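What follows is a set of notes on a single structure, which appears directly below.
The values are calculated or read from the model by the stated rules, or taken from the named source; none is laboratory data. Being a predicted model, the structure only gives us computed values, none of them experimental. Cβ coordinates were reconstructed from backbone atoms using ideal geometry, including for glycine residues, and neighbour counts include every protein chain displayed. Quick note on the areas: whole protein, heavy atoms, side chains included, nothing else; ligands and nucleic acids left out. Shrake-Rupley method; radii C 1.70, N 1.55, O 1.52, S 1.80 Å.
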Amino acid sequence: MLRLYHLLLGLILLMLIPVGAKFIFSQFSAPKVEKPSVIAKLTNANEGNIWQKILGNTPVPTTWEVAPCKGNVPLLCVSSKGELLGTVEINVYPLANNEDFQKKLVAAGIPPGSQVDYQSSKYQTQILAALKAWVADHYAAFAKDRQGEYGKEITFLTYPPEPVAVGKLQGIRYGFAGLKQKGGVQEQHIGHVAFDGSKLYVITTAFDPGSQTGKFDKLENLAIFQPYLYAIAADLRLP
């Protein structure tokens, strides 16, 4: 039923995209506004780019390259023949500083200090419930922001969160798109979120003129990279 929903929704979206703009509408995402400012990110200038530690296999199209960006910024650089095509951003939020997600875990049946059990189907179900609640809040924040920014000029569409593997962690793929009333795509976001028992990992990229990082300048390049991003996320060295 979920795949049929994606197929029908994808067909509607494709009719609104200019000719030549081909991409896959299966899932999307990315926080650029409404990031939980009260939640401290896990950063350490001495540790370098976190992608250097967690990156596993990096399947990419011919002539494309994927590598951690230089410096301490948590960005993964995607390039072709020396030209930067886009970046993927990862943010890590310690649970100790994330009261909102603590509450979501408790609501899902995981009280503070609970033992992590990746092999337990009950634990996996509880984690999924907490992550879905996180995604729902993110969608609500984005919808409110876009309504105020675009009004009726852009149609805001969210996609059903899909359980996926993020490394060895149970995670969720999520996202949204903004479609212009006169045809074309204003923005498209793709994200993954996962929890390892002590930290929340949020991986995002987008086609969005308003984003500063974690973005592709061209929609078609994001479309090409999308299935490769899914494979990269599944093979991350997490936890």
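General remarks:
- Subtracting the Cα-Cα distance of Gln181 and Val116 from 0.36 nm times their residue separation leaves 18.8 nm of extension gain.
- Extension gain from Lys218 to Thr125, taking 0.36 nm per residue of separation minus the Cα-Cα distance: 29.8 nm
- All aspartates and glutamates inside 20 Å of Lys104 as judged from Cα atoms, apart from same-chain residues fewer than 8 positions distant: Glu34, Asp117, Asp137, Glu162, Asp196
- In sequence order, calculated HN-Hα J values of segment 168-181 (Karplus, 6.51, -1.76, 1.60; Hz; x Gly/Pro): 9, 8, 6, x, 9, 9, 8, x, 7, 9, x, 10, 6, 4
- Protection proxy ranking of 190-203, 81-94 - average other beta-carbon atoms within 10 Å, highest first: 190-203, 81-94
- Close amide-amide hydrogen proximity is noted between Gly167 and Ala234, Asp235, Leu236, each under 5 Å apart and 5 or more residues distant or on a separate chain (H modeled in the peptide plane; Pro and chain starts excluded).
- For Ser114, the accessible surface of its heavy atoms amounts to roughly 50 Å² (probe 1.4 Å, protein chains only, rounded to the nearest 10).
- The 1.4 Å probe gives accessible areas that order Phe101, Phe207, largest first, as Phe207, Phe101.
- For segment 142-171 and segment 119-138, distance of Cα centres in Å: 17 Å
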